[in-house]
Every structure is written in C-alpha cells, then in structure tokens.
Amino acid sequence: MGVNILAQSLEIAHSILPDACSQRKKNNVFHFAFGYKRSKLLAIGQNNPEKTNAKALRISQRFNTNIKYPYLHAETDLISRLWGKYYIDKNLSVVVIRLNKRGELRNSKPCKRCNKVLRALDITKVWWSVEDGFKQA
C-alpha cells in the first residue's frame, strides 16, 4: 500500500503546485501533507509560511507545542481538516511532500512540533520526501 499512496500523493502534489506557486509572494518551497485510511485519500494539508494562522495556534495549544509564531505547517493543516470529520488514530497514514517551484523533491521530514502532534494522535505511518525519494518513520 505504501508505494501506491506515495505515487498518488506525488502526482497530486505536482498537479497542485502551479496554483500554490501563483498564490505565494515570497516562499519558493511548498509542503503538502496527505492523510489516508487504507488507500483512500481523506484530506490534503498545505503550509503557509507567509502569515500566522488561528488553526495552527489552536493545534499548538491543544498539543502544548509552545509555538511562538503559529504559521500553518502542512501537517497542522491536515490535522485541522480531519479533526471532527474522521477518527484520527494509528490507522491514518500521512505522506508529507516538499517541492520547490520547479517541482523537484526536497526534504520534508516533519519538525519536532509536528512530530509531537502526530505521536500524540498515535499516527505512526508517516512518509516524507527527500531529494531522491521517500523515507518512513
């Protein structure tokens, strides 16, 4: 199953990239987080490093991540989109992809705050992009 959701996520990320590029003024890298149960895509999260976000602040407060400036990370956006709509547990698989504006893979390992949130929700199946493919936690 892992390979299928990785390929599907990468294809979707590449299709979303042009819109993401057009909406950004400064940042040249784009993070996407995909949430799956089995092989069904439930939601997609996207980062926004250009302005602070109330969703990011609420997630930070709920999971005590001590974030000073609550910019929306792709993982935080994904969790906020799933919250209350789906049961979030160890059956959720998360794929995090970072692309530059040319569509090339970059390292997207979740930061320690995002890791803290994912672990608190018992999400253990996490893949992230690296320059030559994917790694898994």
**OP:** Grab the strands (runs of 3 or more DSSP E) fully contained in the stretch 64-136, keeping just those with 3 or more residues being closer than 13 Å to H31 by Cα.
**Re:** 92-100, 125-130
**OP:** Look through E50, E131 and report the one residue that is modelled with pLDDT under 90 and either at positive phi or acidic (D, E) (or both).
**Re:** E50
Subject >> Condition broken by V130, with the remaining ones in (1) under 13 Å from the mean Cα position of the chain (by Cα); (2) closer than 20 Å to E11 by Cβ; (3) of a type in the set (A, V, I, L, M, F, W, C) satisfied >> reply: (1)
Subject >> Of all residues making up the stretch 99-136, the number that are under 26 Å from W83 (Cα atoms), among the charged types (D, E, K, R), open to solvent by 70 Å² or more (accessible area, probe 1.4 Å) and in contact with a strand residue (DSSP E or B) (Cβ under 7 Å, 6 or more places away or on another chain) >> reply: 2
Original post:
For F30, all conditions in the list (1) buried (at least 18 other Cβ atoms within 10 Å of the Cβ); (2) in a strand (DSSP E or B); (3) modelled with pLDDT of 90 or more hold save one; what is the number of the exception?
Top reply: (3)
**OP:** Return the residue satisfying two criteria in turn: it lies in the stretch 70-98 and is farther than 17 Å from F134 by Cβ and among the polar types (S, T, N, Q), and of such residues it is surrounded by the fewest Cβ atoms within 10 Å (Cβ to Cβ).
**Re:** N91
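The values are calculated or read from the model by the stated rules, or taken from the named source; none is laboratory data. Here the structure is a predicted model, which is why all the values come from computation and not from measurement. So basically every Cβ, Gly included, is an ideal-geometry build from the backbone, and we count neighbours across all protein chains shown. Protein only, heavy atoms only, side chains kept; ligands, DNA and RNA dropped before computing areas. Shrake-Rupley method; radii C 1.70, N 1.55, O 1.52, S 1.80 Å.
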